[in-house]
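Here's the structure, in structure tokens; my notes come after.
The values are calculated or read from the model by the stated rules, or taken from the named source; none is laboratory data. Note that the structure is predicted; figures quoted are calculated from it, not measured. Glycine also receives a Cβ, built like all others from the backbone with ideal geometry; neighbour counts cover every protein chain displayed.
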Amino acid sequence: MKLIVKNTLALVMAAAAALVPLASVCVSTESAEPCISHTITYSNKGSRSEAQHGFLAIDGYDVPDNFTFLQYGLTGGRAFSFTTRSHLWGSDGYWPTEARIIPIGEGAFDDADLKQGWVQTPSQIPGIPQNWVYVEWLEGSAFVAPSSMEAMVEALNIPFIPRMAGMEELTREN
């Protein structure tokens, strides 16, 4: 399994800054599991309107703000859910949550799925690569290669999730 090292010293040293990133570094080991980086930034640090923003990257690919739930590692894996805040303060973005047991289903994973980089399914099917990530959105679920997340979002027209409630009007295309 790959490990995540968080640089909390950056948070302490930059506490007065308006935006404070927490750097996450993956340490490689011999494993097929993806390297996941959870980065936390702050806005309005030290004020009553302080907000935390959670971002994910998997194997160097940023996870788009389109998934309500994400899990890697089917047995004892790590999971994240997406949170939208309704005030200037609070937390938004991806945050750790309890991992789920993803049911085993029927069907077959084939070369076309591998080439595409994802397969829409609510369950594990035999042959899904170990480094693929399970994701859910409002109307579906899939296993996806980290490098194919953006392409899947675009191809399936998966809706963007705003980080702050009320922002839907600003992000909606006219």
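Numbers below:
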quantity: Which numbered condition ALA112 misses (of (1) within 20 Å of ALA99 (Cα to Cα); (2) of a type in the set (A, V, I, L, M, F, W, C); (3) exposed (fewer than 13 other Cβ atoms within 10 Å of the Cβ)); calculated: (1)
quantity: Qualifying residue in the range 116-139 (condition: among the acidic types (Asp, Glu) and out of contact with any strand residue (DSSP E or B) (no Cβ under 8 Å at 6 or more places or on another chain)); calculated: yes
quantity: Every pair of residues 6+ apart whose Cβ atoms lie under 8 Å, when the first sits in the range 96-119 and is in contact (Cβ under 8 Å) with a residue 24 or more places away in the chain while the second is of a type in the set (Asp, Glu) and buried (at least 16 other Cβ atoms within 10 Å of the Cβ); calculated: VAL119/ASP113
quantity: Members of the range 70-93 found to be surrounded by fewer than 18 Cβ atoms within 10 Å (Cβ to Cβ) and either under 14 Å from MET149 (Cβ atoms) or in contact with a helix residue (DSSP H, G or I) (Cβ under 7 Å, 6 or more places away or on another chain) (or both), listed by number; calculated: none
quantity: Pair list, Cβ < 6 Å and 6+ apart or interchain, from the range 44-59 residues that are touching a residue at least 24 places away in the same chain (Cβ under 8 Å) to residues that are buried (at least 17 other Cβ atoms within 10 Å of the Cβ) and assigned to a loop (DSSP other than H, G, I, E, B); calculated: LYS45/VAL20; LEU56/VAL63; ILE58/PRO34; ASP59/PRO34; ASP59/CYS35
quantity: One residue from GLU106, GLU136, GLU154 being acidic (Asp, Glu) and under 23 Å from ILE40 (Cα atoms); calculated: GLU136
quantity: THR41 vs. criteria modelled with pLDDT of 90 or more, closer than 26 Å to ALA155 by Cβ and among the polar types (S, T, N, Q); calculated: no
